[in-house]
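I have placed the structure first, in the form of structure tokens, so that the comments after it can refer back to it.
The values are calculated or read from the model by the stated rules, or taken from the named source; none is laboratory data. For clarity, every value in this text was computed on a predicted model and none was experimentally measured. As a convention, Cβ positions derive from the backbone with ideal geometry for all residues, glycine included, and neighbour counts pool all protein chains shown.
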Amino acid sequence: MKKAPLHLALLAVSGWLLSAALSAQPIGVIDEPTAGQHVSGIVRVTGWVLDFTQVDRIDLFIDGNSLPTNTAVLNLPRPDVLDAFPNYVGSPTARPGYVTSFYTRNFTNGTHSVVVRISQSDGSQFDLGPVSVIVDNS
């Protein structure tokens, strides 16, 4: 009988540690383009980012260039994402969607690497990607 409170305490501590670990790790994806996709013209780059820290900026980088190719529009609603991750409904990233783009005529035909860099209000940054796409300007 005395083991039940101990098990409950261990369960509570485990839950607290898990929630602390989850809140410390931002999550996100590049939805499009997809890996190996053949692209031409203006290419949409979309996805989402969830965290308990506010996202201030998302920049698009192609082929590891030091300067961003474009900056994303932020705070787009993504109810599908919040349905999958309901703990973020009241978070600073409760509108987790983003969209940006690049023009393939600025790049040679062939494989190119797409990365988005997320900059947060606390000064931290992290990258999503790379996603390799195949530019075909023919």
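Given the criteria loosely packed, with under 11 Cβ neighbours inside 10 Å and within 18 Å of ASP31 (Cα to Cα), does ASP122 qualify?
When the stated conditions are applied, ASP122 does not pass them.
Starting from residues that are in contact with a helix residue (DSSP H, G or I) (Cβ under 9 Å, 6 or more places away or on another chain) and surrounded by fewer than 16 Cβ atoms within 10 Å (Cβ to Cβ), keep the ones in segment 68-114 and report whichever is nearest to VAL131 (Cα to Cα).
Looking at the filtered set, the residue picked out is ALA94.
Tell me, yes or no, whether segment 7-29 has at least one residue that is within 19 Å of THR93 (Cα to Cα), touching a Ser or Thr at 6+ places or on another chain (Cβ under 6 Å), modelled with pLDDT of 95 or more and in a strand (DSSP E or B).
Checked segment 7-29: no residue is within 19 Å of THR93 (Cα to Cα), touching a Ser or Thr at 6+ places or on another chain (Cβ under 6 Å), modelled with pLDDT of 95 or more and in a strand (DSSP E or B).
Of all residues in segment 32-66, which are loosely packed, with under 13 Cβ neighbours inside 10 Å, touching a helix residue (DSSP H, G or I) at 6+ places or on another chain (Cβ under 9 Å) and outside any strand (DSSP E or B)?
Residue satisfying the conditions is GLY41 alone.
Which residue pairs have Cβ atoms closer than 7 Å, lie 6 or more positions apart in sequence or on different chains, and pair a first residue in segment 42-68 that is within 18 Å of GLY123 (Cα to Cα) with a second residue that is assigned to a loop (DSSP other than H, G, I, E, B) and among the hydrophobic types (A, V, I, L, M, F, W, C)?
That search, which allows pairs on different chains as well, returns LEU50/PHE85; ILE58/ALA72; LEU60/ALA72.
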